[in-house]
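The structure appears right after this line, and notes come after that.
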Amino acid sequence: MSDNIILIGFMGVGKGRTARALAEQTGRFTVDTDDLIESMVNMKIRDIFAAQGEAEFRRLEQKAADWLEYHVSGTVVSTGGGFFNVGNLNRLGKVVYLHATVEGIYHSICNHPNAKKKIKKRPLLADLKQAEKLFRERLPQYRKLADIEIAVTGKTSLERAEEIAGYLGD
């Protein structure tokens, strides 16, 4: 198994911010799978979904996961909300599930200085009932795949990073 740290969790939970804080604290690099996919195909995620559909996006997630497995080590990897479905997730590194409720995520995003941009990037959060349904469907899988679960509500990115580093001995 690789020595990467893989952050999974629902959209908007703070995987990217936590990854950057953890990378800074541990001296690791950080990679975001959505950024990686956008670079691979030179398209924004929303444009991939609109032009090619979810199935193609999921195929691209698997392609990114395969690349990470064979080419990346010693890195903090933040993932998209559905990335946990890739077939080789546990071979990519230690999997850390960042947990918060949908309401907590929505509240956190709404209080962010760039709230409008962050919500626009996550159109599913415009319909909280649909988001809650998807969250309930994913929650058992997040927990099953995780080596570590961190509750993030009320914690800063630095506090999250310190907690993860403490579990990992970094």
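The values are calculated or read from the model by the stated rules, or taken from the named source; none is laboratory data. Remember, predicted model here, so these are calculated numbers, not experimental data. Here the Cβ is made from the backbone with ideal geometry for all residues, glycine too, and neighbour counts use every protein chain on show.
General remarks:
- Matching residues in segment 147-164 - criterion: being touching a helix residue (DSSP H, G or I) at 6+ places or on another chain (Cβ under 6 Å) and of a type outside the set (S, T, N, Q): Ile148, Ile150, Val152, Leu158, Arg160, Ala161, Ile164
- Residue pairs whose Cβ atoms lie under 6 Å apart, sitting 6 or more positions apart in sequence or on different chains, and linking a residue in segment 104-120 that is among the charged types (D, E, K, R) to a partner that is surrounded by fewer than 17 Cβ atoms within 10 Å (Cβ to Cβ) and modelled with pLDDT under 70, are Lys118/His112.
- Every residue from segment 9-32 that is hydroxyl-bearing (Ser, Thr, Tyr) and closer than 22 Å to Ser108 by Cα: Thr18
- In summary, helices (runs of 4 or more DSSP H) completely within segment 33-103 and bearing 3 or more residues that are over 15 Å from the mean Cα position of the chain (by Cα), at pLDDT below 95 and over 30 Å from Thr153 (Cβ atoms) occur at 45-71.
- Just one of the listed residues (Met11, Met1) is exposed (fewer than 14 other Cβ atoms within 10 Å of the Cβ), touching a helix residue (DSSP H, G or I) at 6+ places or on another chain (Cβ under 8 Å), within 25 Å of Glu162 (Cβ to Cβ) and modelled with pLDDT under 95, namely Met1.
- Meets criteria (within 30 Å of Glu103 (Cβ to Cβ), touching a residue at least 24 places away in the same chain (Cβ under 8 Å) and not in a helix (DSSP H, G or I)) for Gly16: no
- Out of Tyr70, Tyr97, sole residue that is buried (at least 20 other Cβ atoms within 10 Å of the Cβ) and among the aromatic types (Phe, Trp, Tyr): Tyr97
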